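Input: a single structure, listed below in structure tokens.
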Amino acid sequence: MHLKVYPEEWWIADCQVKNLDVNATLWQKMTGVDIEMIADGKNLIMENNVFNFTNLSSFAHDGSYYCEVCGQDKHVAGFKIYTDLDGKGFQYPKIINKPNSTVEFGADITLVCKVSGRYKLRWFKGSERRSCPEYKFKNTEDFEKGCNLTISKFSRHDEGAYSCSASRSIVNWSAQVEVRLVMIAFVKPAFVNSYDRVISFKEGETLNLSLVATGYPKPEVKCTQENERQNNIIANGSSAILYISKLMYSIHNGTSFQCTANNVNGSTTYNFSLNIWGKCVSS
């Protein structure tokens, strides 16, 4: 079985024997005559019968290898150098579609990590880890899959630094990139427009008040009328409209309203009542 290595990576052939005084030789199997690998102290280093290819840059290195000690052969795994289309050695992963550093409360976030080559990808936040399989990329379609980490309904608990790690055990290589996510700060609701606590109208006029609240997360506004005539109130998310087409002294004078804006950070309330000026009756 051939191991897969990339140009500029290394590979180790262990030819150790019990008797350290005996030198081993490393041979590459070839058609016809096998070739002995000669340690040059640079691209091939040998120490205690362990051969280390420090920079595999030639496809001539492809193949199977065996150790020879005192006429006895010991098979060691061979390797095959990847082509550039399959990736590169010592790669750093990349985080694709990186979101803004500030995330909305309740949002769904998907972090995508990719790397060019056969690496084990893993997302982690502190001690929380999620591994992706060691993809054997065969073509662009496989490469595009990457490793996804989905955070559903983002909350304060999800804040922090998320790292994607790419590792290749054969060369003991690991590299990672990081993205830090912070939730947008909560803001208590507040009404943008304000009115007097007692609002005066002439009899026959129209009541048309709009109440808008701000805050984060977006607050919900609800209004109630003391006589529970909710048909006079139109609520729509963070705003509400109070509408009465024709105010009558006998019905609406002194009528009270209460509007409340709520979100997870708290609430605020606005109370007001109507003062209707009745028509003067001449004697």
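So the values come out like this:
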| item | result |
| --- | --- |
| Sole exception among (1) closer than 30 Å to W123 by Cβ; (2) among the hydrophobic types (A, V, I, L, M, F, W, C); (3) over 43 Å from the mean Cα position of the chain (by Cα) for L207, by number | (1) |
| Conditions (1) under 29 Å from the mean Cα position of the chain (by Cα); (2) over 30 Å from F53 (Cα atoms); (3) not charged (D, E, K, R): number failed by G237 | (1) |
| Residue in region 41-58 that is at pLDDT below 80 and farther than 30 Å from G146 by Cβ present | yes |
| Residues being at pLDDT below 90 and in contact with a strand residue (DSSP E or B) (Cβ under 9 Å, 6 or more places away or on another chain) - total across region 260-275 | 1 |
| Hey, T83 at pLDDT below 75 and either small (G, A, S) or over 30 Å from D21 (Cα atoms) (or both) or not | yes |
| Those strands (runs of 3 or more DSSP E) lying entirely in region 7-47 with at least 1 residues touching a residue at least 40 places away in the same chain (Cβ under 8 Å) and surrounded by fewer than 17 Cβ atoms within 10 Å (Cβ to Cβ) | 9-14, 25-28 |
| Entirely in region 187-249, the strands (runs of 3 or more DSSP E) that have 1 or more residues that are surrounded by fewer than 17 Cβ atoms within 10 Å (Cβ to Cβ) and free of Cβ contacts under 8 Å to residues at least 60 places away in the same chain | 207-216, 220-225, 233-236, 239-244 |
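The values are calculated or read from the model by the stated rules, or taken from the named source; none is laboratory data. Keep in mind the model is a prediction, meaning the values are calculated, not measured. Quick reminder, even Gly has a Cβ in these numbers, built from the backbone with ideal geometry, and neighbours come from all protein chains shown.
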